[in-house]
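All of the numbers you see were taken from the coordinates with simple rules; none came from a lab. None of the values given here were measured: they were computed from a predicted structure. Because the Cβ atoms are built from the backbone with ideal geometry, glycine has one as well, and the counts that use them run over all protein chains shown.
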Amino acid sequence: MNKELFSFIRAIGEPKRMLILNHLKKECCVGELWKRLGMAQNLTSHHLRVLKQAKLIKSEKRGLKVVYELNQENINKNLKILEGYLKK
């Protein structure tokens, strides 16, 4: 398996990160996320960092805020690779 796929699997293996991914179906900033999820801001930021390193989300700076959204193209790519491994 490749390194990117391991990173993907590790990132989605954490329930809080799956919650974040679910909330990022619509783009939002870290402040909105931690309030919606009831998580500490630093913990939310940590999970966002892991998701971004795994290329599951992308971010864009807009003024003073950083807005996050799903990286659907990369999510689909990794799901397809994972499916290929599981079918072997």
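At a glance:
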quantity	calculated
Projected area averaged over orientations for the chain, convex hull of C-alpha atoms, nm²	5.7 nm²
Extension gain, GLU14 back to HIS46 (0.36 nm per residue minus Cα-Cα distance, nm)	10.3 nm
Estimated FRET transfer efficiency (LEU37, GLU4; beta-carbon r; R0 22 Å; 0.05)	0.25
Entries in LYS16/LYS87; LYS16/LYS52; LYS3/LYS35 that, when Cα-Cα distance is taken, lie over 23 Å	LYS16/LYS87; LYS3/LYS35
Segment 3-87, relative contact order in percent, only Cα pairs under 8 angstrom and at least six apart counted	32 percent
